[in-house]
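The values are calculated or read from the model by the stated rules, or taken from the named source; none is laboratory data. Quantities reported herein were computed from a predicted structural model and do not represent experimental measurements. Neighbour counts run over all protein chains shown; Cβ positions are idealised from the backbone, glycine included. Accessible surface areas use protein heavy atoms only, side chains included; no ligands, DNA or RNA. Shrake-Rupley method; radii C 1.70, N 1.55, O 1.52, S 1.80 Å.
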Amino acid sequence: MPQATATAAEGTRDGAGGSGAVGDGAAGAAGAADAGTGTGPAQGSDFAPLLRSVKGQGLLERRTGWYAAGIAVNLIALGAVVTGMVLLGNTWWTLLLALPLAVFWSRTAFVGHDAGHAQITGDRGTGRAIGLVHANLLLGMNEAWWNDKHVRHHANPNHIDKDPDVGVGALVWTQKQAAQREGFARWLTRNQARLFFPMLLLEGIALKISGFQYLRRQPARERALAALLLVAHLGLYATLLLTVLSPGKAVVFALVHHALFGLHLGMAFAPNHKGMEMPDPDGERWGHLQRQVLTSRNVRGGILTDWFLGGLNYQIEHHLFPSMPRPHLRLAQPMVRAHCKSLGMPYAETGLIESYRQALQHMHEVGEPLR
């Protein structure tokens, strides 16, 4: 990870309330940030009582054993799918295994995400090694690119000038952005709500391309290791497909597999912030609690929802405490919800289908002036 990114990541983890001394520094860091942005002592203190309560319950302590078991199970599942591909051989029936492979690739991405947030271990070297293996080697996705982008998102979610996830790209997120679109991009914005899920089918390939493009921004030593693992991924993936399948079937398998992988990841990340509050860049700066809660949406559900969304359905808790281990997010939810209620702060939670409807509705409204 580049030094600037590493520093930012540590700041985010500390502000999230890590364990021990890191957690103690979180309240001070949040308060200092609020004091420096003009939110005043009252807003700066809103987060501190919640942080103390969460720490008191031990919810910021890492669950290394839980993650070790989960990683082992996921690797076994990936191995089982690959074994199934080899046993089926050069037949179109092998294409059916693109679905479970995409699902377990998404599980792999969730592990990489959690490693980037220091949820798995407090040792930076070990955490980075886990991220490199799961992202670069197993997925062909540059973990340094992801961490750089994701740290900036966590620091200022839904901030139009600071959050890369709401910057101008294939999609736009405000009518001001939409008004500047020309040509094909203008047509795309007019129809972005209906095109959103089809476009997610391209996300699996886009993640790889973005990772390779980011290599030029990495220091030489980090670039060499990241590039080696990315190329190794491509070599191993191509070798597997071309050993098992004919070239034509291999290409079809790769396209279907990456389409399903991108769709799954997109379905996990789409409900989190789209259609939620967007801070006014020229308005009053929000404190940590307000900045993270008002811009995030939780998705209610049970064990299957937790599994399918990789714990990201507890988006509010995750944004308040990014270093909190995934299995503790559900336990922290009642405390966070009660704290927000005591302050009269909205706490957004909805079902999975409704979360998609709200996100798509927002995208539709953004493109409305162009229709």
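Run lengths n ≥ 4 of DSSP H only: what is the helix-derived mean residue ellipticity at 222 nm for the chain, with -39500 (n - 2.57) per run over all residues, to the nearest 500?
After summing the helix terms and dividing by residue count, I get -21000 deg cm²/dmol.
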Exercise for review: Please report the orientation-averaged projected area of the stretch 72-153, defined via the convex hull of its C-alpha atoms, in nm².
Suggested key: 5.9 nm²
Study note, to complete from the structure: Longest principal axis of the chain (C-alpha) makes with the long axis of helix 352-367 (C-alpha) an angle, in degrees to the nearest 10, of 80 degrees
Check your understanding: Using the alpha-carbon atoms, what tilt in degrees (0 to 90, nearest 10) does helix 64-88 show relative to the longest principal axis of the chain?
Key -> 20 degrees
Check your understanding: Of Lys55/Lys149; Lys55/Lys176; Lys208/Lys249, which sit over 31 Å apart, Cα to Cα?
Key -> Lys55/Lys176
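Using Cα pairs under 8 angstrom and six or more residues apart, how large is the relative contact order of the stretch 141-182, in percent?
Over the stretch 141-182, the number comes to 20 percent.
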Revision key, fill the gap. With all protein chains present, the chain has a carbon and sulfur share of its accessible area (1.4 Å probe) in percent of 64 percent
Practice item. Would you mind computing Rg(Cα) / (2.2 N^0.38 Å) for the stretch 308-358, counting N as its residues? Key: 1.17
Point to revise | Simple Cβ-charge dipole of the chain, Lys/Arg +1 and Asp/Glu -1, about Cα centre, in debye nearest 20 | key: 600 debye
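Starting with the highest mean, order 316-322, 222-228, 360-366 by the number of other Cβ atoms within 10 Å, averaged over the residues of each peptide.
316-322, 360-366, 222-228
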Point to revise | Pair-distance profile P(r), taking every C-alpha pair of the chain, with 10 angstrom steps and integer % | key: 5, 23, 32, 27, 11, 2, 0
Practice item. For Tyr237 and Val168, calculate 0.36 nm times their separation in residues minus their Cα-Cα distance, and state this gained length in nm to one decimal. Key: 21.6 nm
**Study point:** Most fluctuating residue given options Ala270, Ala98, Ala72, as computed from a GNM of the chain linking Cα atoms under 10 Å
**Key:** Ala72
**Study point:** Computed magnitude of the charge dipole of the stretch 113-183 (debye, nearest 20; Cβ of K, R +1, Cβ of D, E -1)
**Key:** 100 debye
